[in-house]
Amino acid sequence: MSGIDVDLAVNGLITGLFYALMAIGLSLIFGILKIVNFAHGEFYMVGAYAYTLIALALGVPVWVALPLAFVVGAALGWLTERTLMRPLYAGYTSWGLMRDEYAVIVTFGLSLFLINLVDKVIGPYAYRGPPLVETSRIVLGPVLISGHRLLAAGIAIAVIAITAALIKWSFWGQQIRAVSQNRLGASLAGIDTAKASAIVFMLSGGLAAFAGALLSPVINASPDVGVFPAIKSYIIVVLGGMGSVPGAIIASLALGVIESFGAVYLSYQYRDAFGLILLMLFLLFRPQGLFGEKGREV
Amino acid sequence: MAGLLRRDVLGLALTAAALMLPLTAQAADPIKVGVTITQSPPGSVVQGTQVKDGLEVAAKMINDAGGVDGRKIELVIEDTQGLPEKARAAVEKLITRDKVVAITGEHQSSAALAGIEVAHRYKIPYINTNAWSDAIREKGYPEVFNPGNYNSRVGAAAAQTMKELGAKRVLSFAENTDYGIGLAKAIGESLKKIAPGIEYKYETLDRASKDFLPAILPLRANPPDAIINLMLPPAAYIMMNQVYEQGVAPSAKTWLYDGSGLADYPDFWQNVKEAGKGMLVFGLYHPKMAQPPLGKQVGEAYTAKTKNEPNRLLFQAADSLFLIADAIKRAKSTEPEALIKALGETKYTGTRGEITFSKDKGFAFNQWLDVPYVTFQLTQVNQKVGDSALVSQPGQPLDASKLWKPAK
């Protein structure tokens, strides 16, 4: 493996980690509510702005601003669930009866609303978030990386691991998984499905906002900054298997590495097409994704 | 008899007054000028805001001075989001519903290319404020006038600068738009003529992307002598930061040259910091440039209105509106045909110099060819454009002795 290949692999894995932070939340929402949240990218955007403005305008230390961005995203997620999502499933116990076309319209509307709200209130100008460390270049063998990017990657690994552990072993995580498997069954077993949905939206919003905050020194927050990562997340969720968290993580890392190598060895112009080509191949030959289950409803 | 006459005279006077009413009202009606700009993403809202400010400053100056032949200028603004389909619809709406006498303000090439098709169909004057693509001029539409900059001009300027820097290998990072790709090609064409020995290539980057490292990493092993930025914010800022973090440019080996006029954006330094130090800039405005008195007036009015330093788009936008007002005055009409004829005969000293329109074919058609430009270098982080090193005055060669280069 040459120096450039190591560089590309490291860059691809780091990019994949950031994709994963976004995609996990989207996957969780799909798992429990069977809807695609089209405003997911705007949670990311809100996180990037929250971190940047809290740190720069209020002078709050970056290590405090970072978790605060998570809190802002989680609060937005909770608010979205309570005000916009609950009518979707209130009174229904079966997925088949839920008004999922409503979710498409309302989340798409929320996305446009948030983009334009930020554009008008904060302004159209881009804001670069303060880095967690000022070191602009760190040499690790053949890899040259900014201190912030390296640290952000480490934090992303920790957050992904904690999230996966919480979902697998915590009390609320088990309830979320139960609702995800069978909403009616979970409800009959005494699980508050509405509360589980609210927790998932909070976690999803918090993770997306955290990803935006972590990357704000790299991506420079602007009103439409979340559009592109959201599109990647939709692809990843399908590749990993709708609703599967491990699938989302593996698909994120794989997509990051494929894009990184493909851009150099195939064509940079088509870098963003690689994910779409994979998506089409999966839909043709393995529509359930990497870890999804085949399902059929009559 | 005398009473009858008095009544008749009074009646005639009243009738005449009644007949005059519509004429008086018409004379007082504002002159509507259509404006298409980007006010929301994904286009450049920063540019749109600067153009809007410039047009409003110019409109206020015209109206405060009594308007055009007693009629006020009224701007009717439409948001295109920088999207061709929205631009097309906006121009259609402005012409058919708002009945504007001319269209101006456009600052993005893809949107302008769509908008001029509609203006051409309705034969309504279209003053292109800041869309640089040569393709707009090459259409040869008699309704479209270009007092702003154009790709061939930047191409020639960039090629000349590369030659004077002694570069052997040059790479452009161009955004995937008509503007970016057109400009990258224009630089290539100019280099073939001016400095055929320079090895040149360009890489097209997606303006919506946030990660350009796969395009940058291969440069570390063998960096070019100069990298030319042909992207707009925020993608341009992200690319610059990543080029800097990878130690590629600005560096002792590689110059960073900006062909997109980034340095006077109000958010420039907040977004790039160290990555902007040492950048050479193709500039359409510099406070140390010689300017006509109107330019000074517009700059002061803009600073009073926005508290910001003047910028190139302000002047380009103001000139666009001044040219329309000047053409209406000379044509003594707002009829499209008369206006187009008057615009074609323009000889007007605006904010940047004396503007005339060439009739040569190709990129020169209806173009003000002598748009003044300078080259300057940012030598400190957070440096104002006015404090930067002016290394080339309009029409003068680059003064290499004024250049600063990083130690490594």
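The values are calculated or read from the model by the stated rules, or taken from the named source; none is laboratory data. As the structure is a prediction and not an experimental result, all values here were calculated from the model. Neighbour counts are summed over all protein chains in view; Cβ atoms, including those assigned to glycine, are modelled from backbone coordinates with ideal geometry.
Residue count for segment A:108-122 under the criterion of being more than 9 Å from chain B (Cβ to nearest Cβ) and part of a helix (DSSP H, G or I): the result is 10.
Considering each of B:Gly283, B:Gly295 in turn, give the residue that is over 27 Å from B:Ala342 (Cα atoms) and of a type outside the set (Val, Ile, Thr). Lay out the reasoning, then the answer.
Working: B:Gly295 fails: over 27 Å from B:Ala342 (Cα atoms).
Just a single option satisfies the conditions, and that option is B:Gly283.
Exactly one residue out of A:Gly243, A:Gly212 is more than 14 Å from chain B (Cβ to nearest Cβ) and within 25 Å of A:Ala74 (Cβ to Cβ): that is A:Gly243.
Identify, from the list B:Ser172, B:Ser152, the residue that is in a strand (DSSP E or B) and touching a residue at least 12 places away in the same chain (Cβ under 8 Å).
B:Ser172
Screening B:Ala186 with (1) crowded, with 24+ Cβ neighbours inside 10 Å; (2) outside the structural domain of B:Glu117 (by TED's automatic domain parsing); (3) without any contact (Cβ under 8 Å) to a residue 40 or more places away in the chain gives one miss only, at (3).
Scanning segment A:273-298 for residues that are at pLDDT 85 or above and either on the phi > 0 side of the Ramachandran plot or acidic (Asp, Glu) (or both) yields one hit, A:Gly289.
Looking at segment B:298-319, can you tell me whether even one residue there is part of a helix (DSSP H, G or I), of a type in the set (Lys, Arg) and not assigned by TED's automatic domain parsing to the domain that holds B:Glu164? Steps first, please.
Going through segment B:298-319, the residues part of a helix (DSSP H, G or I) turn out to be B:298-306, B:312-319.
Subsequent filtering for residues that are of a type in the set (Lys, Arg) retains B:305, B:312.
If we keep only those that are not assigned by TED's automatic domain parsing to the domain that holds B:Glu164 too, we end up with B:305, B:312.
The answer is yes; a qualifying residue exists.
Number of residues in segment B:349-408 that are in contact with an Asp or Glu (Cβ under 6 Å, 6 or more places away or on another chain) and surrounded by 14 or more Cβ atoms within 10 Å (Cβ to Cβ): the value is 6.
Could you tell me whether any residue of segment B:194-210 is of a type outside the set (Lys, Arg), assigned to a helix (DSSP H, G or I) and more than 24 Å from B:Ser40 (Cβ to Cβ)? Outline the logic, then answer.
Let us first name the residues in segment B:194-210 that are of a type outside the set (Lys, Arg), namely B:194-200, B:202-206, B:208-209.
Next, only the ones that are assigned to a helix (DSSP H, G or I) stay: B:194.
Still in the running and more than 24 Å from B:Ser40 (Cβ to Cβ): B:194.
Yes; the residues of segment B:194-210 include at least one that is of a type outside the set (Lys, Arg), assigned to a helix (DSSP H, G or I) and more than 24 Å from B:Ser40 (Cβ to Cβ).
Test B:Phe173 against the stated conditions and say whether it is within 21 Å of the chain's Cα centre (by Cα) and crowded, with 21+ Cβ neighbours inside 10 Å. Before you say what the answer is, go through the steps one by one.
On the way: within 21 Å of the chain's Cα centre (by Cα): yes; crowded, with 21+ Cβ neighbours inside 10 Å: yes.
So B:Phe173 fits the description; yes.
Taking the condition of being charged (D, E, K, R) and touching a Leu at 6+ places or on another chain (Cβ under 8 Å), how many residues in segment B:288-345 meet it? Before you say what the answer is, go through the steps one by one.
Filtering segment B:288-345 for residues charged (D, E, K, R) gives B:288, B:296, B:300, B:305, B:307, B:309, B:312, B:319, B:326, B:329-330, B:332, B:335, B:337, B:341, B:345.
Of the ones still in play, those that are also touching a Leu at 6+ places or on another chain (Cβ under 8 Å) are B:288, B:312.
Residues that pass the stated criteria total 2.
The residues of segment A:123-133 that are on the phi < 0 side of the Ramachandran plot and either facing another protein chain (nearest Cβ under 10 Å) or in contact (Cβ under 8 Å) with a residue 40 or more places away in the chain (or both), listed by number, are A:Pro124, A:Tyr125, A:Ala126, A:Tyr127, A:Arg128, A:Gly129, A:Pro130, A:Pro131, A:Leu132.
When A:Val238, A:Val218 are screened for being part of a helix (DSSP H, G or I) and over 30 Å from A:Leu56 (Cα atoms), only A:Val238 passes. The residues of segment B:250-277 that are over 25 Å from the mean Cα position of the chain (by Cα) and away from chain A (no Cβ under 14 Å), listed by number, are B:Ala252, B:Lys253, B:Thr254, B:Trp255. Taking segment B:162-183 as the range and being at pLDDT below 95 and within 14 Å of chain A (Cβ to nearest Cβ) as the test, the residues that pass are B:Glu175, B:Asn176, B:Thr177, B:Gly180, B:Ile181. Report yes if some residue within segment B:205-221 is surrounded by 24 or more Cβ atoms within 10 Å (Cβ to Cβ) and more than 10 Å from every other protein chain (Cβ to nearest Cβ); otherwise report no. Looking through segment B:205-221, none of the residues is surrounded by 24 or more Cβ atoms within 10 Å (Cβ to Cβ) and more than 10 Å from every other protein chain (Cβ to nearest Cβ). Only a single criterion out of (1) in a helix (DSSP H, G or I); (2) in contact with a Ser or Thr (Cβ under 6 Å, 6 or more places away or on another chain) is not satisfied by B:Leu369, namely (1).
For B:Ala317, are the conditions met, namely being within 11 Å of chain A (Cβ to nearest Cβ) and of a type in the set (Gly, Ala, Ser)? In short, no. For segment A:89-114, a residue qualifies if it is more than 18 Å from A:Gly226 (Cα to Cα), at pLDDT 75 or above and either in contact with a Phe, Trp or Tyr (Cβ under 7 Å, 6 or more places away or on another chain) or hydroxyl-bearing (Ser, Thr, Tyr) (or both), and exactly one does: A:Tyr102.
Any residue that is at positive phi, in contact with a Gly (Cβ under 9 Å, 6 or more places away or on another chain) and either more than 14 Å from chain B (Cβ to nearest Cβ) or modelled with pLDDT of 95 or more (or both) - is there at least one of those in segment A:17-32? Please lay out each step first, then the result.
Residues of segment A:17-32 at positive phi: none.
For segment A:17-32, residues at positive phi, in contact with a Gly (Cβ under 9 Å, 6 or more places away or on another chain) and either more than 14 Å from chain B (Cβ to nearest Cβ) or modelled with pLDDT of 95 or more (or both): absent.
If the condition is being of a type in the set (Ser, Thr, Tyr) and surrounded by 23 or more Cβ atoms within 10 Å (Cβ to Cβ), then segment A:1-35 contributes A:Thr15, A:Tyr19, A:Ser27.
Selection of segment A:252-284 for residues being crowded, with 21+ Cβ neighbours inside 10 Å, in contact with a Gly (Cβ under 9 Å, 6 or more places away or on another chain) and more than 10 Å from chain B (Cβ to nearest Cβ) yields A:Ser252, A:Leu255.
Residues checked against (1) assigned to a helix (DSSP H, G or I); (2) touching a strand residue (DSSP E or B) at 6+ places or on another chain (Cβ under 7 Å); (3) in contact (Cβ under 8 Å) with a residue 12 or more places away in the chain:
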residue	(1), (2), (3)
A:Ala165	yes, no, no
A:Ile176	yes, no, yes
A:Ser180	yes, no, yes
A:Ala209	yes, no, yes
A:Asp224	no, no, yes
A:Pro246	yes, no, yes
A:Gly256	yes, no, yes
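Considering only residues in segment B:234-249 that are part of a loop (DSSP other than H, G, I, E, B) and more than 9 Å from every other protein chain (Cβ to nearest Cβ), the one that is farthest from the chain's Cα centre (by Cα) turns out to be B:Val248. The numbered conditions (1) out of contact with any Lys or Arg (no Cβ under 6 Å at 6 or more places or on another chain); (2) surrounded by fewer than 22 Cβ atoms within 10 Å (Cβ to Cβ) are all true for A:Thr193 except (1). Is there a residue in segment B:65-86 that is part of a helix (DSSP H, G or I), more than 14 Å from chain A (Cβ to nearest Cβ), under 29 Å from B:Arg330 (Cβ atoms) and aliphatic (A, V, I, L, M)? The answer is no; no qualifying residue exists. Scanning segment B:186-225 for residues that are within 23 Å of A:Arg137 (Cα to Cα) and under 25 Å from the mean Cα position of the chain (by Cα) turns up just one, B:Ser209. Restricting attention to segment A:139-167, the residues that are touching a helix residue (DSSP H, G or I) at 6+ places or on another chain (Cβ under 8 Å), farther than 17 Å from A:Thr15 by Cβ and either within 14 Å of chain B (Cβ to nearest Cβ) or basic (Lys, Arg) (or both) total 2.
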